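Chemist: Before I ask anything, here is the structure I am working with.
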Amino acid sequence: MRWGRPGPNAGFGVRLASWIARAILAFVGLSLFFVVVYKWIPVPVTPTMIMDPNGFTKDWTPLSRIDPDMVAAVIAGEDGKFCSHSGFDTEAIEKAWERNQRGGRIRGGSTISQQTAKNVFLWQGGGYFRKALEAWFTVLIEQIWGKRRIMEVYLNVAETGIGTYGVEAGAQRYYQHSAAKLSAVEAARIAAALPSPKKRAVTGATGFTRRHGNVIARRTTVVRRSDYDECVYE
């Protein structure tokens with residue numbers, strides 16, 4: 001029996017199955033290629049940046065030139081189990097599901113790894129198909145990149161304001177100095193705005209954003225003292 005592309009007399013179902021199989025193989029190959037490449041080189045641009053109607057400003061910065069308080073702040077504010085999970089926080093996902101079933105504003109349970117996978121390779125918005133792709137890329141970057149690289153990429157592609165991407169661009173925009181000089185309070189304020197950077201003010205924040213930033217600033221101390229960020233610096 002010969003294997004390969006079906007002949008012209010093959011039925012529609014056979015040809016469709018063959019096309020789907022080739023498409024899947026091509027997708028797997030391309031996704032592996034880009035994940036491996038981005039392990040070593042800076043991510044030049046993301047779909048979110050390209051589709052941003054405000055344009056985008058970014059400034060790729062190695063993790064070694066980002067203040068550790070910024071790392072601790074995003075762990076405290078976005079993903080307290082970053083160093084202990086393998087890409088997915090099942091407890092947070094279950095809690096988000098339960099809250100969403102009660103109605104009101106939809107909340108997610110995404111980890112920093114999931115957010116990084118979505119920001120780099122996919123588009124914003126929901127849907128089961130996009131979530132499935134997000135899970136695939138999350139597994140890949142956890143296995144191929146490791147925690148330090150995931151954190152480095154996240155801090156360089158996360159939207160930190162309108163048309164502003166990465167903590168270096170955010171630090172320059174809001175504080176007029178580099179991310180290497182961020183104080184714990186400044187880092188916490190940027191982290192507090194991350195879930196909704198187009199709506200939450202980093203400087204001059206009031207209400208929930210200000211209170212949330214203060215909470216993150218306090219938790220940052222706990223993160224560093226308890227080594228919840230140790231996987232980033234191993």
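The values are calculated or read from the model by the stated rules, or taken from the named source; none is laboratory data. Only a predicted model underlies this, so the values are computations on that prediction, with no experimental measurement involved. Ideal geometry is used to build each Cβ from the backbone, glycine not excepted, and the neighbour counts take in all protein chains shown. Heavy atoms of the whole protein, side chains included, go into the accessibility calculation; ligands, DNA and RNA do not. Shrake-Rupley method; radii C 1.70, N 1.55, O 1.52, S 1.80 Å.
Chemist: Quick check on V37: is it β-branched (V, I, T) and out of contact with any Leu (no Cβ under 9 Å at 6 or more places or on another chain)?
Modeler: It is true that V37 is β-branched (V, I, T) and out of contact with any Leu (no Cβ under 9 Å at 6 or more places or on another chain).
Chemist: Would you check which residues across region 47-67 are hydrophobic (A, V, I, L, M, F, W, C) and not in a loop (DSSP other than H, G, I, E, B) and list them?
Modeler: Answer for region 47-67, where residues must be hydrophobic (A, V, I, L, M, F, W, C) and not in a loop (DSSP other than H, G, I, E, B): M49, I50, M51, L63.
Chemist: Further question: Being over 16 Å from F137 (Cα atoms), surrounded by fewer than 17 Cβ atoms within 10 Å (Cβ to Cβ) and at pLDDT 75 or above narrows it down to one residue among E98, E91, E78; which is it? Please lay out each step first, then the result.
Modeler: Details: E98 fails: at pLDDT 75 or above; E78 fails: surrounded by fewer than 17 Cβ atoms within 10 Å (Cβ to Cβ).
Every option except E91 fails the conditions.
Chemist: Among the helices (runs of 4 or more DSSP H) confined wholly to region 109-172, which include 2 or more residues that are modelled with pLDDT under 95, touching a strand residue (DSSP E or B) at 6+ places or on another chain (Cβ under 7 Å) and not hydrophobic (A, V, I, L, M, F, W, C)?
Modeler: none
Chemist: Tally the residues that are closer than 25 Å to G125 by Cα, surrounded by 18 or more Cβ atoms within 10 Å (Cβ to Cβ) and of a type outside the set (V, I, T), restricting the search to region 53-75.
Modeler: Number of matching residues: 3.
Chemist: Does region 175-193 include one or more residues that are within 20 Å of I112 (Cα to Cα), assigned by the TED database to the domain that holds L155 and part of a loop (DSSP other than H, G, I, E, B)?
Modeler: So far as region 175-193 goes, no, none of its residues is within 20 Å of I112 (Cα to Cα), assigned by the TED database to the domain that holds L155 and part of a loop (DSSP other than H, G, I, E, B).
Chemist: Which of the numbered conditions does K39 fail, given that it passes all the others? Conditions: (1) open to solvent by 40 Å² or more (accessible area, probe 1.4 Å); (2) modelled with pLDDT under 95.
Modeler: Status for K39: all satisfied but (2).
Chemist: Just need a number here: residues in region 190-234 that are open to solvent by less than 80 Å² (accessible area, probe 1.4 Å), among the hydrophobic types (A, V, I, L, M, F, W, C) and more than 24 Å from V153 (Cα to Cα).
Modeler: Result for region 190-234: 2.
Chemist: Could I ask something else about it? Would you confirm, using the coordinates I've provided, whether Y174 is aromatic (F, W, Y) and crowded, with 23+ Cβ neighbours inside 10 Å?
Modeler: When the stated conditions are applied, Y174 does not pass them.
Chemist: Working carefully through the options V185, V153, find the one that is among the aliphatic types (A, V, I, L, M), open to solvent by 30 Å² or more (accessible area, probe 1.4 Å) and touching a helix residue (DSSP H, G or I) at 6+ places or on another chain (Cβ under 6 Å).
Modeler: V185
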